[in-house]
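Below: one structure, written as structure tokens.
The values are calculated or read from the model by the stated rules, or taken from the named source; none is laboratory data. Because the structure is a prediction, the values reported are computed rather than measured. Cβ: placed from backbone, ideal geometry, glycine included. Neighbour counts: every protein chain shown. Keep in mind that these areas ignore ligands, DNA and RNA; they rest on the heavy atoms of the full protein, side chains included. Shrake-Rupley method; radii C 1.70, N 1.55, O 1.52, S 1.80 Å.
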Amino acid sequence: MVKITGMTREIHDQFAKDYLSELLSHLGEVETSREVTSEVRQVDVYFIPATTPKDIDPKLLGLLAPMAKTAGLFEPFRNPPTPVEISNCLVKLFGIQGEQRRQARRENVSQTQLDSPRLWILSPSISTRILGGFGAKPDESEEWPPGIYFLPKFFYTGLVAIHQLPVTPETLWLRVLGRGEVQKAAIDELVALPEANPLRRYLLEILASWRINVELSQNLDEQEKQELTMNLSPAYLRLREETFQEGRQEGLQEERRSMIENFLRVRFGEVDEQLSQIIESMLGLPTAELTVMLLNFSRSELLERFDQNP
């Protein structure tokens, strides 16, 4: 059995907060480490949905999108939570509900108008003992996939057994929070996403940062450290490769810009404001066409070519 240390939990918790915050921020307002006042406790990620989606199609968030339709508490666990840990999560939910009721009384708002937040407990796996002990059952309406269990109605709580989720694009973001082969396969899928995917780059950066923190830590269990390093390496290596390529392209572009400026300066004595304005357009030309233009075009011809009045 893998021993989970305080440092393991701390590193995972910080990653999970950053990871879920990045994803959920596209759908609404996110607050991490929110304190519950009745007895000082912190919610890992507290989410309030926006009236309208911010900057991406909610479908890109997959299963997280319907989970984020209402305000919610997201509690991710690196190892399966114990009954006491689940109970502590429920206490946080009840504390938030209590805050809402007190606010409703102060503002003279009917409590029936309040939409109670839902608690989502994200676990790499969940035993039948835990499910039975809390009365958690699959959704009878079949709106939710296998691996999602709900406590009785007025507990407003869902348990996510990540290892049971079907391997589909809709579950990808949750499977990244799993363990072992489940997590490894999900990270490989994330790395393979098209570069145009608006979520991919930011999440690669978060995963790469997690790997660095794991590598630098001196307090992680060796088996845990080895598993995480192996699982996170594809994201880290791909980000490093892409960053290198971007830097190389930027370097080549700057070199090309400098060459054009020098050519113009040699031919026309100086690069005035009008010539400066056409350099950006010249950067995108094929090398052969650019060379002919720089060698043969007069200043007025260059400006006319790029719609600048000489």
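Which condition does Leu177 not pass, out of (1) at pLDDT 90 or above; (2) over 15 Å from the mean Cα position of the chain (by Cα); (3) within 19 Å of Asp13 (Cα to Cα); (4) outside any helix (DSSP H, G or I), if it passes all the others? Answer for Leu177: the failing condition is (2). Restricting Val266, Val271, Val214 to residues that are part of a helix (DSSP H, G or I), among the β-branched types (Val, Ile, Thr) and surrounded by 11 or more Cβ atoms within 10 Å (Cβ to Cβ) narrows the list to Val214.
If you go through the range 71-95 and keep only what is open to solvent by less than 40 Å² (accessible area, probe 1.4 Å) and farther than 15 Å from Leu23 by Cα, you end up with Phe77, Arg78, Asn79, Pro81, Ile86, Cys89, Leu90, Lys92, Leu93, Gly95. Considering only residues in the range 136-195 that are of a type in the set (Ser, Thr, Tyr) and under 15 Å from Phe77 (Cβ atoms), the one that is most open to solvent (accessible area, probe 1.4 Å) turns out to be Tyr149. Give me the residue from the range 53-63 that is of a type in the set (D, E, K, R) and part of a loop (DSSP other than H, G, I, E, B) and, out of that set, most open to solvent (accessible area, probe 1.4 Å). Only one residue tops the list, namely Lys54.
Residues in the range 1-23 that are open to solvent by less than 40 Å² (accessible area, probe 1.4 Å) and either of a type in the set (Gly, Ala, Ser) or at pLDDT below 50 (or both): Val2, Thr5, Ala16, Ser21.
When the residues of the range 49-71 are filtered to those that are modelled with pLDDT under 90 and among the hydrophobic types (A, V, I, L, M, F, W, C), the one that is farthest from Leu119 (Cα to Cα) is Ile56.
Here's the yes/no breakdown for (1) closer than 24 Å to Ile96 by Cα; (2) at pLDDT 95 or above:
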position	(1), (2)
Leu122	yes, yes
Lys153	yes, no
Leu199	no, no
Arg211	no, no
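Pairing residues of the range 96-114 that are open to solvent by 50 Å² or more (accessible area, probe 1.4 Å) and assigned to a helix (DSSP H, G or I) with residues that are of a type in the set (D, E, K, R) and modelled with pLDDT of 70 or more, at Cβ distances under 7 Å and at least 6 apart in sequence or on separate chains, gives Gln111/Arg101.
For the range 145-196, how many residues are free of Cβ contacts under 8 Å to residues at least 12 places away in the same chain and aromatic (Phe, Trp, Tyr)? Counting residues in the range 145-196 that are free of Cβ contacts under 8 Å to residues at least 12 places away in the same chain and aromatic (Phe, Trp, Tyr) gives 1. Only one of the numbered conditions (1) assigned to a helix (DSSP H, G or I); (2) surrounded by 13 or more Cβ atoms within 10 Å (Cβ to Cβ) is not met by Ser300, and that is (2).
Applying the condition of being among the polar types (S, T, N, Q) and assigned to a loop (DSSP other than H, G, I, E, B) to the range 64-95 and asking which residue is farthest from Ser123 (Cα to Cα) yields Thr70.
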